[in-house]
Every structure is written in C-alpha cells, then in structure tokens.
Amino acid sequence: VSFEVAEFRKKFPQLQVQLQGQSLVYFDNGASTLKHQDAIARVHQYDRFEVSNVHRGAHSLSRKGTESFESARSQVREFLGAKDDQEIIFTRGTTESINLVAHSMSSMFQAGDEIVLSPFEHHSNIVPWQELCRRTGSVLKVLPYSKNISEYVTSLEKTLSPKTRLVSFLHFSNSLGHRMPVEKMVQICKSQGVMTLIDGAQALLTEKVRVSDLGCDFYCFSGHKVFAPYGIGILYGRHEILQTLPPYQTGGSMIDRVTFAETSYADLPQKFEAGTPNISGALGLAAALKVIETDGVENYHKHVHHLRQELITALQEFPGCELYLCEAEDYCGVVSFNLKGAHPSDVGTLLDKYGVAVRAGHHCTQPLMDTLQVPGTVRVSLAPYNTQDEINYFLNTLSKVKEFF
Ligand SMILES: Cc1ncc(COP(=O)(O)O)c(C=O)c1O
C-alpha cells in the first residue's frame with residue numbers, strides 16, 4: 001500500500017481548521033494526535049443510534065452493544081498479538097493502566113524488593129511505583145543515564161539483583177524520541193524471572209507492536225495518541241499474571257456474586273473493569289486501530305522518519321539551536337531542542353502566534369530534564385499527516401522567533 005499524505009490529511013477534520021487566520025501546523029502529536037474521521041464516526045454512530053449499557057441488559061440493544069464492545073476487545077487483541085481476549089483490559093489510558101498494575105501488584109511486593117526504571121520515564125511510569133514503594137517498603141532503582149541507548153542492555157544486566165521484581169520502561173521516549181532496546185531488555189528480565197511492563201504510549205504509530213514477540217508481561221497505551229478518542233486506553237497483561245492479581249477498583253460489573261458478607265469476583269477481563277466502561281471510546285479505538293492496520297504502520301514510519309531527518313538536519317545548522325539527541329536503533333516522530341538564551345515556553349508561545357502548535361516544557365519527564373540540566377525543551381512531535389511544507393514553514397517561523405531573543 002502506498003501512503004498518500006494529501007489523501008490521509010483529508011481524514012482528519014481538525015486539519016481543515018484555521019488557527020489565527022492560517023492553517024494549523026500541528027506538531028504536538030506526542031501529547032495527542034488529531035482524531036481520524038472513522039474513529040469520530042464510530043463514536044457518533046454509537047452515541048446517536050446504539051446507546052445501551054453493556055454486559056447487563058436483557059434487551060437486544062444491550063446485547064448488540066455488548067457484542068460490539070467485545071468485538072472491539074478482540075480487535076485490540078489481534079492488533080497486539082495477544083493470546084486471548086482476557087488479556088486485554090480497557091482503561092482510561094496509559095496512566096490508568098500503570099496505576100492498575102502498581103495497585104494490584106502491591107500485595108506481591110515486600111520491603112526490600114526492587115523495581116527498576118529507565119531515566120527517560122514519563123511521570124506516569126514513575127509516581128505509581130513510588131507509591132507502591134511507599135506502601136510496601138520496596139525500593140526504586142533507576143538505570144544510569146547514557147545517550148548511547150544500546151548501553152541500557154548492559155546497565156540493566158548490572159542493575160538487576162535477586163531482589164528485583166519488576167522492570168518498567170517506555171518503548172519510545174516522548175521527550176527525546178528514541179526507541180529502547182525493548183526485546184533485549186525483556187529477554188534479560190525473563191532470564192532472571194523478573195516481570196516487565198512496557199509503556200507503549202508513543203509506539204503504535206511507529207512500529208507494529210506484537211506483545212507475543214516482545215514477550216513482556218504488561219504493555220499499555222492510550223487511544224488519544226493513535227487517532228482515537230480521549231478516555232480510552234489499553235492494558236495488556238499476561239493471562240497467568242492477571243489471573244493472580246486482585247482487582248484495582250471494585251463495584252458493579254467486576255463481580256460474580258455479592259452478599260453483604262462477602263463478594264466473589266468475575267473472571268478476566270471483567271475483574272479489572274469495574275463500573276460502566278467507555279463503550280463508545282472502545283469502539284472509536286477499534287476503528288482507529290483498523291485505520292492503522294489498513295494503512296500499514298511501516299508507511300507511517302517511513303514518512304515520519306524522513307520528515308524527522310529533514311528537521312534534524314536543518315536544526316543542526318540553525319544558529320543557537322541545541323538539539324537533544326540519542327543514539328538508538330530507531331525513533332518516533334519526536335525532536336527536542338532549545339534556542340540559546342530563550343526559555344522553551346517563550347519559543348512555544350511565539351510559534352503559536354504563527355499557527356504552529358508545539359509542546360514546550362518538561363513533557364512530564366522532570367527527572368530527565370534534571371539530568372539534561374534544562375528547565376524543559378521545545379518538542380516537535382510529528383504524525384503521518386505532517387508534511388515537508390509544514391517543516392519548511394516551521395523552520396521559517398523559527399527564524400522569525402529567534403529574532404526576539
Ligand atoms: C511515554 C508516555 N507515557 C505515558 C503517558 C501518559 O499517557 P496518558 O496521559 O494518556 O495516560 C504519555 C503521555 O504523554 C507518554 O508519552
């Protein structure tokens with residue numbers, strides 16, 4: 001399948017919107033991508049004509065809703081290459097997925113147990129583990145920082161100890177864009193009986209993710225970063241582990257039998273889905289994943305990788321521009337930089353005046369910013385609908401912005 005950017009752009013209504021009297025140049029895809037018309041349409045279809053709660057009604061609409069919801073789950077399972085539908089839990093997003101694991105796992109951790117993170121982690125893959133440590137007396141360890149990403153394989157080997165229970169790391173960095181050597185890291189952990197969680201929030205538009213190939217115990221991502229609605233995300237968990245974990249939240253839908261004296265829980269995956277789920281969101285997510293599958297993520301990656309290279313080459317020659325790059329085997333569409341003498345927020349605000357949306361700040365990775373000794377960066381994060389013309393416009397605009405400092 002060849003990938004036509006001009007055609008692809010037509011599928012995103014927000015790209016037709018004028019901002020400050022000009023076309024939107026949306027370079028903040030790492031925060032949220034724009035929404036694909038198929039995902040929007042599926043949500044509308046449900047909300048307009050198909051509304052009914054799932055897993056409970058005796059009426060036909062509810063049965064149909066349940067079928068749609070469960071077939072969305074099957075689609076996610078196929079997309080991720082998971083073994084069975086029971087391994088796919090609908091959550092609100094990556095943050096909730098990680099919190100679910102960290103809460104449910106607390107009872108498996110003891111004082112002195114160790115959890116290992118990479119230095120690139122998003123706050124959502126730091127704070128839940130800090131809280132687990134506070135509750136259990138476990139200890140958080142962080143791999144030493146290096147720009148050479150292949151070094152994380154050896155540093156992980158050195159850091160693991162008989163007390164390490166879990167290693168949690170991102171697949172692609174939302175701040176610097178690089179890919180972690182996830183396969184090798186999982187392999188090392190597996191060989192030592194250590195559990196692994198991969199934060200895939202930035203991965204699904206860059207490569208075909210197969211949890212069966214990765215071999216990780218948990219994998220999570222958010223719908224709003226893959227053309228889908230807000231408030232829906234996925235936790236993949238290995239069946240054998242999920243089965244042993246207690247529920248995260250309790251209430252309706254996750255029970256087998258309730259009396260005032262005691263409660264028995266439903267089987268997977270319902271055990272982890274208390275309350276009414278985001279039904280239309282799940283259907284929107286499934287529609288977005290279908291788009292990705294049909295287009296071919298390798299086509300997205302080829303296009304974005306080319307744009308990223310063009311941008312980096314230009315920024316390397318841009319006077320006073322400091323780029324934050326790593327040496328890695330692959331990258332998503334993220335490029336981080338600063339302009340000498342300029343606070344990243346000021347650069348972001350000025351770019352916005354010209355209709356360019358970027359992110360400026362710490363990108364929810366304050367510990368990484370501390371390591372880099374910067375208050376934050378300006379982050380361009382590209383998606384497959386971005387174009388060379390937009391890169392050119394951005395570079396021209398940045399030259400104008402630079403004049404302010
Ligand atoms: C690498 C990474 N992890 C986790 C998250 C948190 O995702 P969410 O806010 O959708 O829960 C993000 C979002 O910025 C991210 O980029």
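A search for C-beta distances below 6 Å between a residue of the range 309-335 that is over 23 Å from Phe120 (Cα atoms) and any residue that is exposed (fewer than 11 other Cβ atoms within 10 Å of the Cβ), counting only pairs 6+ apart in sequence or on different chains, returns Gly320/Lys340. Among the residues of this structure, Arg379 counts as one that is open to solvent by less than 30 Å² (accessible area, probe 1.4 Å) and on the phi < 0 side of the Ramachandran plot. Yes or no: the range 90-98 includes at least one residue that is closer than 23 Å to Lys163 by Cα, within 16 Å of the ligand (Cβ to nearest atom) and surrounded by fewer than 21 Cβ atoms within 10 Å (Cβ to Cβ). Within the range 90-98 (the criterion being closer than 23 Å to Lys163 by Cα, within 16 Å of the ligand (Cβ to nearest atom) and surrounded by fewer than 21 Cβ atoms within 10 Å (Cβ to Cβ)), the answer is no, since none of the residues qualifies. If you scan the range 356-385, which residues turn out to be closer than 19 Å to Gln14 by Cβ and either more than 14 Å from the ligand (Cβ to nearest atom) or not in a strand (DSSP E or B) (or both)? Answer for the range 356-385, where residues must be closer than 19 Å to Gln14 by Cβ and either more than 14 Å from the ligand (Cβ to nearest atom) or not in a strand (DSSP E or B) (or both): Val356, Ala357, Val358, Val380, Leu382, Ala383, Pro384, Tyr385.
Only a single criterion out of (1) over 15 Å from Asn278 (Cα atoms); (2) at pLDDT 95 or above; (3) of a type outside the set (S, T, N, Q) is not satisfied by Ala72, namely (1).
Put simply, of Gly251, Gly233 the only residue that is away from the ligand (no atom under 15 Å from the Cβ) and either crowded, with 20+ Cβ neighbours inside 10 Å or on the phi > 0 side of the Ramachandran plot (or both) is Gly251. Across the range 16-42, the qualifying residues are those that are more than 16 Å from the ligand (Cβ to nearest atom) and at pLDDT 95 or above, and the one among them that is farthest from Ala286 (Cα to Cα) is Val25. In the range 199-230, of all residues being open to solvent by 30 Å² or more (accessible area, probe 1.4 Å) and farther than 26 Å from Leu307 by Cβ, the one that is farthest from the ligand (Cβ to nearest atom) corresponds to Ser212. Leu166 - would you say it is more than 16 Å from the ligand (Cβ to nearest atom), under 22 Å from the mean Cα position of the chain (by Cα) and under 20 Å from Cys133 (Cβ atoms)? The answer is yes for Leu166.
Can we say Phe69 is within 17 Å of the chain's Cα centre (by Cα), more than 26 Å from Thr154 (Cβ to Cβ), open to solvent by less than 40 Å² (accessible area, probe 1.4 Å) and among the hydrophobic types (A, V, I, L, M, F, W, C)? Break it down into steps so the answer makes sense when it comes.
Details: within 17 Å of the chain's Cα centre (by Cα): no; more than 26 Å from Thr154 (Cβ to Cβ): yes; open to solvent by less than 40 Å² (accessible area, probe 1.4 Å): yes; among the hydrophobic types (A, V, I, L, M, F, W, C): yes.
Taking the combined requirement at face value, the residue does not satisfy it.
Of the residues that make up the range 336-355, is at least one hydrophobic (A, V, I, L, M, F, W, C), under 22 Å from Phe227 (Cα atoms) and touching a residue at least 60 places away in the same chain (Cβ under 8 Å)? Checked against the condition, which is being hydrophobic (A, V, I, L, M, F, W, C), under 22 Å from Phe227 (Cα atoms) and touching a residue at least 60 places away in the same chain (Cβ under 8 Å), the range 336-355 yields no hits at all. Gly348 meets the conditions (1) open to solvent by less than 40 Å² (accessible area, probe 1.4 Å); (2) in contact with a Phe, Trp or Tyr (Cβ under 9 Å, 6 or more places away or on another chain); (3) at negative phi in every case but one. The failed one is (2). Screening the range 171-198 for residues that are open to solvent by less than 10 Å² (accessible area, probe 1.4 Å), not hydroxyl-bearing (Ser, Thr, Tyr) and not in a loop (DSSP other than H, G, I, E, B) and picking the one that is farthest from the ligand (Cβ to nearest atom) gives Cys189. Residues of the range 99-124 that are within 16 Å of the ligand (Cβ to nearest atom) and of a type in the set (Asp, Glu): Glu121 alone. Restricting the range 316-357 to residues that are within 20 Å of Glu403 (Cβ to Cβ) and aromatic (Phe, Trp, Tyr), the residue that is nearest to the chain's Cα centre (by Cα) is Phe337.
The values are calculated or read from the model by the stated rules, or taken from the named source; none is laboratory data. Source: prediction; values computed, not measured. Reconstructed Cβ throughout: ideal geometry from the backbone, glycine too, with neighbour counts over all protein chains shown. Accessible surface is based on the protein model in full, side chains and every heavy atom, while ligands, DNA and RNA are left aside. Shrake-Rupley method; radii C 1.70, N 1.55, O 1.52, S 1.80 Å.
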